[in-house]
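A short write-up of the structure that comes next.
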């Protein structure tokens with residue numbers, strides 16, 4: 001039996017017109033859909049997303065499964081990322097992520113401050129957390145390595161946005177939802193731009209309970225010698241343990257660590273972002 005065939009019969013014609021990115025773009029979108037569930041997912045759940053006609057979705061799932069990018073469980077009739085995708089992800093992690101290069105620096109900073117340390121990069125205008133060290137007294141929070149978060153209300157996000165060139169910055173701003181997470185969230189491009197100007201002037205960013213209540217951080221950009229944004233580094237704490245002035249006292253060490261990561265990245269010939277803000 002072909003993967004998924006026991007759940008739905010695919011007899012409908014595909015009425016969807018070809019998009020500019022064609023089949024490859026559609027297949028990648030399906031991979032994103034499966035990954036977003038963060039668990040094995042059934043055909044009916046993917047279909048409910050209403051991104052593709054039934055026949056198109058079925059055909060893409062078959063191709064991705066046969067190529068090892070997805071795996072199919074016939075007993076549960078569910079799809080999950082395949083081992084080929086896992087291998088590619090590990091390769092991408094080693095070659096395109098700051099995490100392997102930054103690891104000793106992140107370890108050292110976490111040991112010094114005793115608070116949570118995050119390492120992040122930009123992904124289509126949003127924050128991709130690529131590494132994390134928990135505080136000596138861990139606190140439950142949204143961020144985890146591999147998770148995508150908003151850029152407009154996180155310290156690492158704002159630290160990276162502040163140092164983008166005008167074109168990539170406007171593109172990134174257009175991708176922000178400006179969703180209000182807390183009473184402190186900046187909810188407009190105008191307010192965010194004003195904050196980004198302050199960040200550029202002092203060299204680092206704050207998250208003053210803008211994404212999660214009770215969570216504060218100081219973040220520094222990781223920049224090449226030419227000023228290109230590679231990523232950002234932050235120290236995160238809670239309002240119960242610290243305040244913004246106490247975090248600001250840590251700024252010299254955070255900035256020094258960010259500079260050391262950037263130097264190691266350049267010496268390793270890390271692939272810089274292009275002028276469109278891609279990686």
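The values are calculated or read from the model by the stated rules, or taken from the named source; none is laboratory data. These figures come from a predicted structure and were not determined experimentally. Note: ideal-geometry Cβ built from the backbone for every residue, glycine included; neighbour counts use all protein chains shown.
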Heads up, the helices (runs of 4 or more DSSP H) in segment 76-188 (entirely inside) with at least 1 residues that are within 19 Å of residue 254 (Cα to Cα), more than 16 Å from the chain's Cα centre (by Cα) and assigned by TED's automatic domain parsing to the domain that holds residue 254 are 99-113
Residue set 144, 121, 137; condition in contact (Cβ under 8 Å) with a residue 24 or more places away in the chain and surrounded by fewer than 20 Cβ atoms within 10 Å (Cβ to Cβ); output residue 137
Which pairs have Cβ atoms under 7 Å, sit 6 or more apart or on different chains, and link a residue in segment 192-205 that is within 21 Å of residue 253 (Cα to Cα) to one that is part of a loop (DSSP other than H, G, I, E, B)?
-> 199/162; 200/162; 200/163; 205/162
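Examine segment 158-169 for a residue that is modelled with pLDDT under 95 and crowded, with 19+ Cβ neighbours inside 10 Å, and state whether such a residue exists.
Looking for residues that are modelled with pLDDT under 95 and crowded, with 19+ Cβ neighbours inside 10 Å, one finds none in segment 158-169, hence no.
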Determine the pairs where a residue that is touching a residue at least 12 places away in the same chain (Cβ under 8 Å), located within segment 245-265, has a partner that is surrounded by fewer than 18 Cβ atoms within 10 Å (Cβ to Cβ) and assigned to a helix (DSSP H, G or I) with Cβ atoms under 8 Å apart, the partner being 6 or more residues away or on another chain.
-> 253/112; 257/108
Counting only residues that are within 11 Å of residue 163 (Cα to Cα) and surrounded by fewer than 21 Cβ atoms within 10 Å (Cβ to Cβ), how many does segment 200-222 have?
-> 3
Only unsatisfied item for residue 72, checking (1) assigned to a helix (DSSP H, G or I); (2) crowded, with 20+ Cβ neighbours inside 10 Å, is (1)
State yes or no: is residue 227 in contact with a strand residue (DSSP E or B) (Cβ under 7 Å, 6 or more places away or on another chain) and either without any contact (Cβ under 8 Å) to a residue 24 or more places away in the chain or in the same structural domain as residue 101 (by TED's automatic domain parsing) (or both)?
-> no
